[in-house]
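Trainee: Dropping the structure in here first, questions after.
The values are calculated or read from the model by the stated rules, or taken from the named source; none is laboratory data. This structure is a prediction, so every number in the text was calculated from the model and none was measured. Every residue, glycine among them, receives a Cβ derived from its backbone with ideal geometry; neighbour counts consider all protein chains shown. To get the accessible areas, we keep the full protein, side chains included, count just its heavy atoms, and leave off ligands, DNA and RNA. Shrake-Rupley method; radii C 1.70, N 1.55, O 1.52, S 1.80 Å.
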Amino acid sequence: MTSASELAWLIPVLPLLGAALIGLSLISFNRTINRLRKPVAVFLISCVGAAAVLSYAVLIEQIGGAPPTEVLFDWASAGSFNLQMGFRVDALGAVMLALVTTIALLVMVYSDGYMAHDKSYVRFFTYLALFSSSMLGLVISPNLLEIYVFWELVGMSSYLLIGFWYDRDGAANAAQKAFVVNRVGDFGLLLGILGLFWATGSFGFEEIGLRLSEALADGSVSHPAAVILCLLVFMGPMAKSAQFPLHVWLPDAMEGPTPISALIHAATMVAAGVFLVARLQPIYIQFEEVQAFIAVIGTITCFLGASIALTQMDLKKGLAYSTVSQLGYMVLAMGCGAPVAGMFHLVTHAFFKAMLFLCSGSVIHAMEEVVGHEPVLAQDMRLMGGLRRHMPVTATTFLIGCVAISGIPPLAGFWSKDEILGQAFNAFPLLWGVGFVTAGMTAFYMFRLYFLTFEGPFRGTDAALQAQLLSEAGKAAPEEGGHGQHASTPHESGWQMAAPLAVLAVPSVLIGLLGTPWNNRFAGLLDPSEAAELAEQFSWGDFLPLAGASVAISLTGITVAVLAYALHKLDLATAVAGRFPRLNAFLANKWYLDDINDRIFVKGSRKLARQVLEVDAKVVDGVVNLTGLLTLGSGEGLKYFETGRAQFYALIVFGGVIALVVLFSSF
């Protein structure tokens, strides 16, 4: 009987076939297909649903102790060179398959409500299916070369989705920014992959690790060269998983539809980088300096994202910088040599961050009915407030997500984040200190988002505030009386949008219990030997102080948020922003990293292009023009010798003969 693992190749193929069929139909029968909105959505949701069912079957087999499955075929060969493709299913891949299909399926159901009135509804669902297929293909790839193919497909799909509303300048620019920044990382990744193949003759994960170790031992590859190759490969995850300094594309990706934000930030694009680092642990673990570099980058990223999130007023961008920070925690775990802890946080984070983004979409959807479809107004928390009374399901699930990401037990975020901090404390105590402080910042800014959005009076109908926000954004204020066409109060979203929130709330609360340190069943699935070691080394005397400190700093952050934004007993504008204006400006301007990139790379490349243009105009064109002038001048001069009279030509011939006689007689 064929096992589910042997059919795992169907998991990315089913959504791909659905996307290809609908995409070709859109090209050939655009009007007809666009009229079949619901049937198309049901068809594509069914494709992803079938992939999800198969993914769950694969995961159940792995939980039951099934061995890894790898099926390969010869894709290209020349002499002794043989390039293989295929698919691979193991415990790590099974977890990711189940995670990606679950989130993708819920996002697609949610999108049926969120995108109901969009004219490009069918195109959106087609892109969703293509995006899901690309990520699923990446997960089951058995080697680095095949991963790179799907890596680029993920990047292409994200470009299409971020720029889905391409008629908006913000969306078009954000898509280009994401594409360009990821190309920087992908160029390094490609160089690293080719370099590792040169050093080891293989693209397989375990084979590269083994052969690289042998090459280092016999001296055929130097240690510095191997380190450089590992760092080049890490450039790919730095861009895809938004690590400093290649994180700048992720917040701008909020210009795409909110369901895409949920999918990108939870289980697909940003998860791809962390997943690849986990796959490459057999390579990275051989180099302490590479591990330390990865840990430092992750620590900088987690602190940077949290610090910028403190000042954000755009609901989606606040959540975006939260994602940047949490991805930093995952990469920190990888650098500490704890890939299981990093993957566990990836899984728990995927559920509550997808829920938080879908909640933000529900809020924005409701706000658009009050203030219109201008993102400056619909996403600004200064126009929100009091939404809990109108949107109880959204408010409750958002609050659950805030508690989970803040690391309050027994919700999911506590167990995964605390495991990372524990590993960091043992490996890099200084980096643990930064992660510890960041945990308090996380709790503060998440509850700041909650209180500004769901508590207090509703500010969405304040025309003066709307005009002020539009003026700050450089946009024209709405015409007098134009507001009357909108609703006066928001309301809860329909079942298509509310149901996925309720479903995601369950794992956000409970899934962390799979990773309790005294009985870590998640580690038992991914690495049984590590799980046994963790259980053996577990001590309440070590666990309680670290866990207690983590919870204490999170509660401190929540308390400050309550005092400042719920009880209004603390005026942070005076206490912090007024006293430290430069610090406030530094955070509000996102560490000025966008300005630095604009000055160095954007304006710098334009300046270089202008200089190249001048060289082209003055040197290259000058040589060409000089050649033309010489030709023209010589032609002008020679035309006087073309008289058409035979005696003149004879005189020239006679003169030439005399000149030759004189020339030869002189030698």
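Trainee: Could you list, in sequence order, the residues of the range 355-373 that are assigned to a helix (DSSP H, G or I) and either farther than 18 Å from residue 261 by Cβ or of a type in the set (S, T, N, Q) (or both)?
Mentor: Across the range 355-373, the qualifying residues are 360, 362, 369, 370, 371.
Trainee: Condition (residue is part of a loop (DSSP other than H, G, I, E, B) and farther than 24 Å from residue 509 by Cβ) applied to the range 374-381: is it met by at least one residue?
Mentor: Yes, that holds for at least one residue.
Trainee: I would also like to ask the following. List the number of the failed condition for residue 48; all other conditions in (1) outside any helix (DSSP H, G or I); (2) in contact with a Pro (Cβ under 6 Å, 6 or more places away or on another chain) hold.
Mentor: (1)
Trainee: I'd like the full set of residues that are small (Gly, Ala, Ser) and out of contact with any Ser or Thr (no Cβ under 8 Å at 6 or more places or on another chain), limited to the range 487-507.
Mentor: Within the range 487-507, 487, 494, 499 meet the criteria.
Trainee: Can we say residue 7 is surrounded by 17 or more Cβ atoms within 10 Å (Cβ to Cβ) and in contact with a helix residue (DSSP H, G or I) (Cβ under 7 Å, 6 or more places away or on another chain)?
Mentor: no
Trainee: Oh, and also: Taking residue 397 and the conditions (1) crowded, with 20+ Cβ neighbours inside 10 Å; (2) within 26 Å of residue 340 (Cα to Cα), which numbered condition does it fall short on, given that it satisfies the others?
Mentor: Exception for residue 397: condition (2).
Trainee: Given the criteria in contact (Cβ under 8 Å) with a residue 12 or more places away in the chain and hydroxyl-bearing (Ser, Thr, Tyr), does residue 488 qualify?
Mentor: Judged against the criteria, residue 488 is a match.
Trainee: Moving on to the next point. Taking the range 519-541, which residues are at pLDDT 85 or above and surrounded by 14 or more Cβ atoms within 10 Å (Cβ to Cβ)?
Mentor: 519, 520, 522, 523, 524, 525, 526, 527
Trainee: Turning to a different aspect of this structure: Would you pick out the residues in the range 272-293 that are under 24 Å from residue 430 (Cβ atoms) and not in a helix (DSSP H, G or I)?
Mentor: Within the range 272-293, 285, 286, 287 meet the criteria.
Trainee: Here is a further query. For the range 205-215, check the following and say yes or no: at least one residue is under 30 Å from residue 250 (Cα atoms) and touching a residue at least 12 places away in the same chain (Cβ under 8 Å).
Mentor: There is at least one residue in the range 205-215 that is under 30 Å from residue 250 (Cα atoms) and touching a residue at least 12 places away in the same chain (Cβ under 8 Å).
Trainee: Could you go through the range 626-637 and let me know if any residue there is under 26 Å from residue 324 (Cα atoms), assigned to a helix (DSSP H, G or I), open to solvent by 40 Å² or more (accessible area, probe 1.4 Å) and among the aliphatic types (A, V, I, L, M).
Mentor: no
Trainee: Let me ask you something else. When you look at residue 103, is it under 30 Å from residue 316 (Cα atoms), of a type in the set (A, V, I, L, M) and part of a helix (DSSP H, G or I), yes or no?
Mentor: The answer is yes for residue 103.
Trainee: Of the numbered conditions (1) under 32 Å from the mean Cα position of the chain (by Cα); (2) open to solvent by 50 Å² or more (accessible area, probe 1.4 Å); (3) at pLDDT below 85, residue 555 satisfies every one except a single condition; which is it?
Mentor: For residue 555, the failing item is (3).
Trainee: State all residues of the range 486-497 that are more than 19 Å from residue 384 (Cα to Cα) and either at pLDDT below 85 or not aromatic (Phe, Trp, Tyr) (or both); if no residue qualifies, say none.
Mentor: Listed by number, the residues that qualify are 494, 496, 497.
Trainee: Same structure again: Which members of the range 294-320 meet the condition of being open to solvent by 10 Å² or more (accessible area, probe 1.4 Å) and assigned to a helix (DSSP H, G or I)? Before you say what the answer is, go through the steps one by one.
Mentor: Kept after step one, since they are open to solvent by 10 Å² or more (accessible area, probe 1.4 Å), are these residues of the range 294-320: 296-297, 300, 303, 310-314, 317.
Passing the criteria: 296, 297, 300, 303, 317.
Trainee: Okay, moving on. Please go through the range 428-472 and pick out each residue that is open to solvent by 30 Å² or more (accessible area, probe 1.4 Å), among the hydroxyl-bearing types (Ser, Thr, Tyr) and in contact (Cβ under 8 Å) with a residue 24 or more places away in the chain.
Mentor: 461
Trainee: Here are some conditions: (1) over 30 Å from residue 344 (Cβ atoms); (2) at pLDDT 90 or above; (3) part of a strand (DSSP E or B); (4) not polar (S, T, N, Q). Residue 87 meets all but one. Which one does it not meet?
Mentor: So residue 87 meets the others, but not (1).
Trainee: For the range 403-435, give me each residue that is of a type in the set (A, V, I, L, M) and in a helix (DSSP H, G or I).
Mentor: Within the range 403-435, 403, 404, 405, 412, 420, 421, 424, 427, 430, 431, 434 meet the criteria.
Trainee: Sticking with this one: Return the only residue of 73, 43, 81 being of a type in the set (Phe, Trp, Tyr) and within 28 Å of the chain's Cα centre (by Cα).
Mentor: The match here is 43.
Trainee: Has the range 272-280 got at least one residue that is open to solvent by 10 Å² or more (accessible area, probe 1.4 Å) and either in contact (Cβ under 8 Å) with a residue 24 or more places away in the chain or hydrophobic (A, V, I, L, M, F, W, C) (or both)?
Mentor: As a first pass, look at the range 272-280 and keep what is open to solvent by 10 Å² or more (accessible area, probe 1.4 Å): 278-279.
Among the residues that remain, those that are also either in contact (Cβ under 8 Å) with a residue 24 or more places away in the chain or hydrophobic (A, V, I, L, M, F, W, C) (or both) are: 278-279.
Yes; the residues of the range 272-280 include at least one that is open to solvent by 10 Å² or more (accessible area, probe 1.4 Å) and either in contact (Cβ under 8 Å) with a residue 24 or more places away in the chain or hydrophobic (A, V, I, L, M, F, W, C) (or both).
Trainee: Would you confirm whether any residue within the range 140-148 is assigned to a helix (DSSP H, G or I), free of Cβ contacts under 8 Å to residues at least 12 places away in the same chain and in contact with a helix residue (DSSP H, G or I) (Cβ under 9 Å, 6 or more places away or on another chain)?
Mentor: No, the conditions are met nowhere in the range 140-148.
Trainee: While we're looking at this one, here's another question. Of all residues in the range 23-40, which are under 29 Å from the mean Cα position of the chain (by Cα) and touching a residue at least 12 places away in the same chain (Cβ under 8 Å)?
Mentor: 23, 26, 37, 40
Trainee: Here's something else I'd like to know. Which of (1) touching a Pro at 6+ places or on another chain (Cβ under 9 Å); (2) at pLDDT below 90 is the odd one out, the single condition residue 270 does not satisfy?
Mentor: Result: residue 270 fails condition (1) only.
Trainee: Condition first: polar (S, T, N, Q), surrounded by fewer than 22 Cβ atoms within 10 Å (Cβ to Cβ) and within 30 Å of residue 28 (Cα to Cα). Can you find one or more residues in the range 170-181 that meet it?
Mentor: Checked the range 170-181: at least one residue is polar (S, T, N, Q), surrounded by fewer than 22 Cβ atoms within 10 Å (Cβ to Cβ) and within 30 Å of residue 28 (Cα to Cα).
Trainee: Another question, then. Could you please give the count of residues in the range 106-129 that are assigned to a helix (DSSP H, G or I) and over 17 Å from residue 502 (Cα atoms)?
Mentor: Number of matching residues: 9.
Trainee: For the range 51-74, enumerate the residues that are open to solvent by 40 Å² or more (accessible area, probe 1.4 Å) and not in a helix (DSSP H, G or I).
Mentor: Correct list: 64, 65, 67, 68, 70, 71, 72, 73, 74.
Trainee: Please enumerate the residues belonging to the range 46-81 that are touching a Phe, Trp or Tyr at 6+ places or on another chain (Cβ under 9 Å) and either over 20 Å from residue 13 (Cα atoms) or of a type in the set (D, E, K, R) (or both).
Mentor: If we filter the range 46-81 for residues that are touching a Phe, Trp or Tyr at 6+ places or on another chain (Cβ under 9 Å), which is where we start, we get 69-72.
70 - this is the single residue of the range 46-81 that is touching a Phe, Trp or Tyr at 6+ places or on another chain (Cβ under 9 Å) and either over 20 Å from residue 13 (Cα atoms) or of a type in the set (D, E, K, R) (or both).
Trainee: Something else now. Quick one: would you say residue 337 is touching a residue at least 12 places away in the same chain (Cβ under 8 Å), of a type in the set (Gly, Ala, Ser) and open to solvent by 10 Å² or more (accessible area, probe 1.4 Å)?
Mentor: Considered against the rule, which asks whether it is touching a residue at least 12 places away in the same chain (Cβ under 8 Å), of a type in the set (Gly, Ala, Ser) and open to solvent by 10 Å² or more (accessible area, probe 1.4 Å), residue 337 comes out as yes.
Trainee: Moving to a separate point now. If residue 565 satisfies all but one of (1) more than 30 Å from residue 411 (Cα to Cα); (2) modelled with pLDDT of 85 or more; (3) surrounded by 12 or more Cβ atoms within 10 Å (Cβ to Cβ), what's the number of the condition it fails?
Mentor: For residue 565, the exception is condition (1).
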